[in-house]
Amino acid sequence: MVRIRVLVVDDHRIFAESLAAALAAEPDVDVSAAGSGPAALRCLERAAAEGRRFDVLLVDADLGTVPGAVPAQRESGSGPPPPGSDGIALVAGVRVSHPGVRTVVLAERDDPRRAALALQAGASGWVAKDCSLSRLLAVIRGVLREETHLPPALLTGVLRELTAARKHRTDSERLVESLTPREHEVLRCMVAGLGRKDVAARLFLSPHTVRTHMQNVLGKLGVHSTLAAVALARRAGVRPADLAGDVVERSGQLA
C-alpha cells in the first residue's frame with residue numbers, strides 16, 4: 001500500500017491535534033503536526049534529510065495571525081511575504097524550497113481574494129476547515145494527481161481575481177519596459193531593498209546620479225514612492241538584484 005505523508009500546520013493546537021488524529025485513522029495516511037510556519041519548514045528539512053519527504057501540507061490560512069484580527073491583504077502579484085510568516089507565505093516558501101510537496105490551504109471562511117493569492121503562491125487547493133473528513137481526503141488524493149481543488153462557490157470570484165491580477169501584471173510589464181537598461185538596474189536594486197548609497201556603490205555611480213535615476217523610475221512607472229515602485233516591479237516579474245553573486249561590471253555606458 002502506498003502511504004501518504006501529511007503535515008498539518010496550524011497554531012490552534014486542539015484543531016491540529018483533532019485533525020491529525022482523524023487523518024491518522026486512515027490506513028494509508030501517516031500524519032504529523034507543526035504549530036508554526038518555521039516549525040513546518042524544519043519538519044520538511046528534517047524529513048528530506050532522512051529520505052522520507054512529506055507529500056501534502058495542510059496549512060491554516062490564518063497561520064500566525066492574532067485571534068480576531070483580520071489577516072493582512074497583500075497586493076496581488078506584489079511578491080510573497082517572508083516564508084513562514086503566515087499561511088500563504090508558507091505556501092510560497094514551500095513551493096521554492098520543496099517543489100515536490102503539494103499544499104492545501106484550510107480556511108475558516110470563503111475569501112476569493114485570498115484563495116487567488118494562495119493559488120498564485122503555489123497552493124493546489126483551498127478547503128473549508130469544517131469540511132467533512134471524506135471531502136478532505138478526496139482533496140488530498142486529488143492534489144497528488146496534480147488536480148486543483150476549490151469550493152464551487154469560490155470559482156467565479158477566484159477567476160475574477162486572477163484575471164484582474166493578470167491585467168495588472170500586463171500593465172506593469174508595459175511600464176517597466178519603458179525604462180532604460182540603467183534605470184532597470186536601479187529598479188532591481190530597489191526591489192532588493194538597497195538604499196541610494198548602496199545602489200550608488202553597487203553600480204559605480206554617484207548618489208546624485210542614482211537619485212536622478214530613481215526619480216526617473218518613479219516618473220515612468222507613474223508612482224510616488226519607492227514602496228509603490230517595488231510593488232509594481234514585482235507584479236511585472238522584475239527580479240531583485242542578486243546581492244550574493246550578481247556581479248555588476250562597468251560597461252562604458254553613460255549614466
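Check which residues have an amide H placed less than 5 Å from VAL8's amide H, if you skip close sequence neighbours.
Amide H neighbours of VAL8: SER32, ALA33, ALA34, LEU58.
Please identify every one of the trypsin sites (Lys or Arg not before Pro) in region 119-225 that sits in a loop by DSSP and has no more than 16 other beta carbons within 10 Å of its own beta carbon.
ARG145
Counting other Cβ atoms within 10 Å, keep those with at most 12, restrict to DSSP loop, and tell me which GluC sites (Glu not before Pro) in region 128-213 are left.
Passing both the DSSP loop test and the Cβ count: GLU146.
Under the rule a/c < 1.5 gives rounded, and otherwise a/b versus b/c splits prolate from oblate, where does region 160-233 land using the Cα gyration tensor?
On the way: a/c = 2.57, a/b = 2.23, b/c = 1.15.
Cα axes put region 160-233 in the prolate bin.
What is the distance in Å between the Cα centroid of region 173-201 and that of region 228-242?
9
Amide H of HIS149: which non-local residues (sequence gap of 5 or more, or other chain) have their own amide H closer than 5 Å, using H built in the peptide plane?
Close amide H contacts, sequence-distant or interchain: GLY125, TRP126.
Could you give each residue of region 103-114 its phi-based ³J(HN,Hα) in whole Hz, using Karplus coefficients 6.51, -1.76, 1.60 with θ = phi - 60°, and x for Gly or Pro?
10, 10, 8, 9, 10, 7, 8, 6, 8, x, 5, 6
Quick note: the coordinates plus some simple rules give every number you see, no bench work behind them. These numbers were taken from a predicted model, which means no experiment stands behind them. Every residue, glycine among them, receives a Cβ derived from its backbone with ideal geometry; neighbour counts consider all protein chains shown.
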